[in-house]
Amino acid sequence: MLPTGADVIHRMDEAKLSRLHWKIMFISGIGLFIDAYDLFIIGVAMALLKQEWRISPTEEGLVASTPAARRPSARFCWAASRTC
C-alpha cells in the first residue's frame, strides 16, 4: 500500500540532513548567485559603456532583456501565458 500524503510529509519533516542535501543546497546557491550576478553585471556594464559606444535606448533594452529571454523559466512562462 502506498503511503498517504501526510505520511510522506511527516517522513520528510523527520528526516535528517545528509551530505547529499547539503551538496544540493550548495549547488543551488551557486546557481542562484551566478544568475543574479549575470543580471547585475549587465546593468553595470551598460551604464559604463552607454556613452562610449553610443548605444541607443532600443539597443540598451535588447541587451538588458536578453538574459530573461534566454532563461528556460522565462520561456516557459511566456509559452504558458500564450496558451491561456
Looking across region 15-44 at residues that are hydrophobic (A, V, I, L, M, F, W, C), part of a helix (DSSP H, G or I) and touching a helix residue (DSSP H, G or I) at 6+ places or on another chain (Cβ under 9 Å), the single one that is modelled with the highest pLDDT is 42
Log entry, pairs with first residue in region 23-49 being touching a residue at least 40 places away in the same chain (Cβ under 8 Å) and farther than 11 Å from residue 64 by Cα, second being surrounded by 11 or more Cβ atoms within 10 Å (Cβ to Cβ) and of a type in the set (Lys, Arg), beta carbons closer than 8 Å, six or more apart or on different chains, reads none
Output for Cβ contacts, cut-off 9 Å, separation at least six or different chains, first residue closer than 18 Å to residue 38 by Cβ and among the hydroxyl-bearing types (Ser, Thr, Tyr) in region 51-79, second assigned to a helix (DSSP H, G or I) and modelled with pLDDT of 65 or more, reads 66/42
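The values are calculated or read from the model by the stated rules, or taken from the named source; none is laboratory data. Everything quoted here is computed from the prediction, not taken from an experiment. Ideal geometry is used to build each Cβ from the backbone, glycine not excepted, and the neighbour counts take in all protein chains shown.
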